[in-house]
Structures are given as structure tokens and as C-alpha cells.
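Shown next, in C-alpha cells, is the structure this report addresses.
The values are calculated or read from the model by the stated rules, or taken from the named source; none is laboratory data. Keep in mind that what you see is a predicted model, and the values were worked out from it rather than measured. When we count neighbours, we look across all protein chains shown, and the Cβ atoms used for this are built from the backbone with ideal geometry, even at glycine.
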Amino acid sequence: MSVSSPLRALEPLNRPSVADTVFDELHSQIIRLELPPGTKMSEVEVAKALGVSRQPVRDAFYRLSKLGFLSIRPQRATLVSHISSAAVLQARFIRNAIEAETVRTACRVLTTEDFNGLDAVLDAQNKAVKAGDPVNFHELDDQFHKEICERAGLAFAWDIIRENKAHMDRVRFLSLAFASKDAFNDHIEVMEAIKSRDEERAMQRMRDHLSRIKDQIVRIRDGHGQYFENASDA
């Protein structure tokens, strides 16, 4: 004889948890270099500053460490990690492999409705370029790549990319001081190739776009060497 469970289905949970909110805030500040590499992080101090208990901060710290943004060392200070050039290039390799195949699929399956949705993201990016707004541009950059994955039916691909691009994100953000227009033009070319159903051209344009970071990282490291791991630490 089965026993009925006292558990009931939950109502849809649309509000972010406190831990999610803390994570999002710290994630954004690290990406924007408001919390630069080497910054010491304290659960107690962050909890006090954000007006929350220590548990959601602890949860957020753990998630950030798994993404490569924080170095949590037992009995020692937790630090915002320095940028690893090797990790940036590894992330580029992963993104190249995944996103080239993603745009191939996008060429085959995206609809006019999908094109309109992506064009709206590009319109917003263009406004961010003209306004000199790197924060909004960076968010829209991620949105463009994420939506291609999702609209192609490959949302899991973006999950994999997100888990591997932490070090790359900060370099990309720093690059927007001189390369936002180039990034936007790359997106336009990728979009045009997808609309034309030209799989090979779409894949090559995406590879070209993601490969820009190989040159950018040299320029950024020259100007912001303090943000990077020392060669002996890499």
C-alpha cells in the first residue's frame, strides 16, 4: 500500500535567491574590474556591505571560485584571481570549437522571427557603441552569442561556454576601450552569413571574431600587467 507524500508542487519560482543576487553583483563587479585581480575578499565584509547574512555570500564565493574568478585558500585570504593568459586562450579554443558548430546549426534552423530577435540585440549594441557604454555593450555581446545558441536549440552549448570563459571575460571587457566597434562589425558579418544560410562563411566569421583576442591580450597585458598572473605563476 503506497503512502501519499505530504510534499506539494511548488509554485513557479521567478524571484532570484539572495545567493543569486549576491553572485550576480560580485560577478559584475569582477568583470568590470571594480573588484580588480588581487583584491582580498571577506565573507564578513561582503555580507555587511550588501546587507545579507554570510551564507549567501559563502555560496556566491563558491560559485565564483568554480568559474575561476576567486581563489579560495583555507586559512588564508580569498582573492580575486589574476587573469591567466593561458586560460584566456583555452577559453578561445573552446568557444571556437563550440560556436563554429553552433552557427552552422543556426544557418539551418533559425527563422525570420529569430533573425528579428537577434537584429534587436544588434540594434541595442549599436546604440551602446555610439553611447560609449562598455558595460551595456558587454552584456549585449554575451546576449548575442547566448541567443544564437538558444535559438539554434543548443542552449547547453552556452552553459559550457559560460563555465570556461571567466578569464576571457575580463580581457574582453578591457578590450572594449578600443575594440567595441570591431566586435560589433564582426557580429553584423556573422548575422549576415547566418541569414544567407552560408554555413562555411558563418563559421569562418565566428572564428575570426573570437580569434581577435589573441592580439588584444598582448596589448591589454602591456597596459594592465598588474591584472595578469606572472609568468612564474601561470
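Observations on the structure shown:
- Taking segment 199-208 as the range and being farther than 10 Å from Val103 by Cβ and in contact (Cβ under 8 Å) with a residue 24 or more places away in the chain as the test, no residue passes.
- Enumeration of residues in segment 55-97 that are within 16 Å of the chain's Cα centre (by Cα), surrounded by 19 or more Cβ atoms within 10 Å (Cβ to Cβ) and β-branched (Val, Ile, Thr): Ile83, Val88
- Residue in segment 94-103 that is in contact (Cβ under 8 Å) with a residue 12 or more places away in the chain and in contact with a Ser or Thr (Cβ under 9 Å, 6 or more places away or on another chain) present: yes
- Of residues in segment 120-148 being among the polar types (S, T, N, Q) and surrounded by fewer than 18 Cβ atoms within 10 Å (Cβ to Cβ), the one modelled with the lowest pLDDT: Asn136
- Any hit, segment 40-47, residues being part of a loop (DSSP other than H, G, I, E, B) and free of Cβ contacts under 8 Å to residues at least 12 places away in the same chain: no
- Within segment 206-231, the set of residues being among the basic types (Lys, Arg) and either at positive phi or in contact with a Phe, Trp or Tyr (Cβ under 9 Å, 6 or more places away or on another chain) (or both) comprises Arg219, Arg221.
- Odd one out for Asn230, checked against (1) farther than 24 Å from Asn126 by Cα; (2) in a helix (DSSP H, G or I); (3) over 18 Å from the mean Cα position of the chain (by Cα): (2)
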